[in-house]
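Peer 1: My questions will all concern the structure given below.
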Amino acid sequence: MPNIEDVKSWRGRRLESNDGDKIGTIEEIYLDRQTDEPEWLAVKTGLLGSKISFVPIGQAASSGDAVRVPFAKNQVKDAPSAEADGELSEEEERALYAHYGRDFGDFDYDVSADRGTVGRDTSGPETDGAMTRSEEELAVGKGQVETGRARLRKHVVTERVQTTVPVQREEVRIEREPITDANVGAATDGPALSEEEHEVVLREEQPVVEKTVVPKERVRLDKDIVTEERQVSEEVRKEQVEVDGERVR
């Protein structure tokens, strides 16, 4: 029977039958309950490796890049189903031994055997008497992403502006004065009766509109930093330890 050192590298290798047919891919190595020696190959079989089948490891041998066992492909695929949960129950082992023509009686587990540590590893090589429980923790950081852009533009609009401008104009006013000794000479200078015409030029102010461009203000874009609180939610996984048995103290 190959020892644990021989089969450490078998995980992930192809399992072949006597005739060289591919049976599946070795997923895991299961150990004997009493001796901790390799006992079963858990092999992915079926369509796309969707099923786990168990094969005795006793007569398995490395063959190039594959591992070969003295069983037909169909015999392995038709083996009784068992839960691939790290350890086969006695009922599952009995059914598998019977399927492959082996006697289960020589492999009963002796609960009084003194092995130095309590329990044994069923999912791989023996390490110590404890298992490590791990869990994921969130490590939250911050990264900058572009959320938008602001552009400053100016364009010309036309609006009507009204204002009031004071303007002056000249109007004609008739002044009359009586004839006195002071003005009688000027009044009688000329014909006694005649036709005359006198003209006065009238003037007025008109609004004159001129437009000039006057700078009013400087406009630029700037940025402010605003700090806010945000909730971060993510799923994390952690391992839980369960004990199978009727009584735990």
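Peer 1: List pairs: first in the stretch 1-12 and closer than 12 Å to Ser62 by Cβ, second not small (Gly, Ala, Ser), Cβ under 7 Å, 6+ apart or cross-chain?
Peer 2: Listed pairs, sorted by first residue: Pro2/Pro38; Pro2/Ile57; Val7/Ile29; Val7/Pro38; Val7/Ile57; Trp10/Ile26; Trp10/Ile29; Trp10/Val67.
Peer 1: Applying the selection to the stretch 1-49, what residues are of a type in the set (Ser, Thr, Tyr), under 40 Å from the mean Cα position of the chain (by Cα) and closer than 22 Å to Ser89 by Cβ?
Peer 2: Tyr30, Thr45
Peer 1: Next up: Starting from the stretch 54-83, take each residue that is more than 23 Å from Asn3 (Cα to Cα) and without any contact (Cβ under 8 Å) to a residue 40 or more places away in the chain and list its partners that are surrounded by 14 or more Cβ atoms within 10 Å (Cβ to Cβ) and of a type in the set (Lys, Arg), counting only C-beta distances under 9 angstrom and pairs at least six apart or across chains.
Peer 2: Qualifying pairs under 9 Å: Ser81/Lys51.
Peer 1: For the stretch 87-111, give me each residue that is over 19 Å from Thr45 (Cβ atoms), assigned to a loop (DSSP other than H, G, I, E, B) and either of a type outside the set (A, V, I, L, M, F, W, C) or at pLDDT 85 or above (or both).
Peer 2: Glu87, Ser89, Gly101, Arg102, Asp103, Asp108, Tyr109, Asp110
Peer 1: Going by the structure shown, is Ser62 surrounded by fewer than 17 Cβ atoms within 10 Å (Cβ to Cβ), assigned to a strand (DSSP E or B) and of a type in the set (Ser, Thr, Tyr)?
Peer 2: yes
Peer 1: To continue, here is another question. Step by step: first the residues of the stretch 168-200, then only those that are exposed (fewer than 10 other Cβ atoms within 10 Å of the Cβ), part of a loop (DSSP other than H, G, I, E, B) and touching a residue at least 24 places away in the same chain (Cβ under 8 Å), then the one that is farthest from the chain's Cα centre (by Cα). Which residue is that?
Peer 2: For the stretch 168-200, the residue satisfying everything is Val200.
Peer 1: Which residue pairs have Cβ atoms under 6 Å apart, sit 6 or more places apart or on different chains, and have a first residue in the stretch 118-142 that is closer than 22 Å to Leu31 by Cα and a second that is at pLDDT 60 or above and small (Gly, Ala, Ser)?
Peer 2: Cβ pairs passing all conditions: Val118/Gly129; Thr122/Gly86; Ser123/Gly86.
Peer 1: Scan the stretch 40-51 for residues that are closer than 24 Å to Glu5 by Cβ and in contact (Cβ under 8 Å) with a residue 24 or more places away in the chain and report the count.
Peer 2: Of the residues in that region, 4 qualify.
Peer 1: Please work out if Pro56 is modelled with pLDDT of 90 or more and in contact with a strand residue (DSSP E or B) (Cβ under 9 Å, 6 or more places away or on another chain).
Peer 2: On the way: modelled with pLDDT of 90 or more: yes; in contact with a strand residue (DSSP E or B) (Cβ under 9 Å, 6 or more places away or on another chain): yes.
Yes, satisfied.
Peer 1: Do any residues in the stretch 144-156 that are within 17 Å of Leu221 (Cα to Cα) have Cβ atoms under 8 Å from those of residues that are of a type in the set (Lys, Arg), where the two are at least six apart or on different chains, and which pairs are they?
Peer 2: So the pair list comes out as Leu152/Arg220.
The values are calculated or read from the model by the stated rules, or taken from the named source; none is laboratory data. Computed from a predicted structure; not experimentally measured. Positions of Cβ are backbone-derived with ideal geometry, glycine not excepted, and every protein chain shown enters the neighbour counts.
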